[in-house]
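The values are calculated or read from the model by the stated rules, or taken from the named source; none is laboratory data. Remember, predicted model here, so these are calculated numbers, not experimental data. Cβ atoms come from the backbone with ideal geometry, glycine included; neighbour counts cover every protein chain shown.
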């Protein structure tokens, strides 16, 4: 993940029936440093080829829990949802949308929040400015935990409370949710 042979754009994945694989694994998101909001601290983040910088890692499926039904998500389902889903089901999309100033909206009368019609704006931004790579593995949470512990990943919140950007990003997301629920 730190020396990827290829960083994949949405355009290269959307019509490929074999990629991402329908397997468990850990994925790493790289972003175009020139397109990031100035608030995102990238000084300590892992770069590749001068343009892209690693800011977030995630897994599919989620770590097993005795209190939850095991997840059936795969790299394919999870990465496709990150690229084309909504803020409700993707913490990465929620974070990016909030950083880009896209307004969260309530869907229905409950507490379901998305970027509404602006989800397509976020999807287009990601298609242009986000790239992903992955490593297949049966216990992806182990690699994710190690990456969060060892790397500077400002967009990861869970397990990353030590990161100096954690409080700022948490507050930004909390405030966006509060505005949407008013």
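Here are the numbers for this structure:
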item: Hits in the range 97-110 - residues which are crowded, with 19+ Cβ neighbours inside 10 Å and part of a loop (DSSP other than H, G, I, E, B); result: 102, 104
item: The range 132-181, subset buried (at least 19 other Cβ atoms within 10 Å of the Cβ), in contact (Cβ under 8 Å) with a residue 60 or more places away in the chain and over 16 Å from the mean Cα position of the chain (by Cα), residue farthest from residue 62 (Cα to Cα); result: 180
item: Residue in the range 111-122 that is in contact (Cβ under 8 Å) with a residue 60 or more places away in the chain and either more than 15 Å from the chain's Cα centre (by Cα) or not in a helix (DSSP H, G or I) (or both) present; result: yes
item: Selection status of residue 41, at pLDDT below 95 and more than 14 Å from residue 126 (Cβ to Cβ); result: no
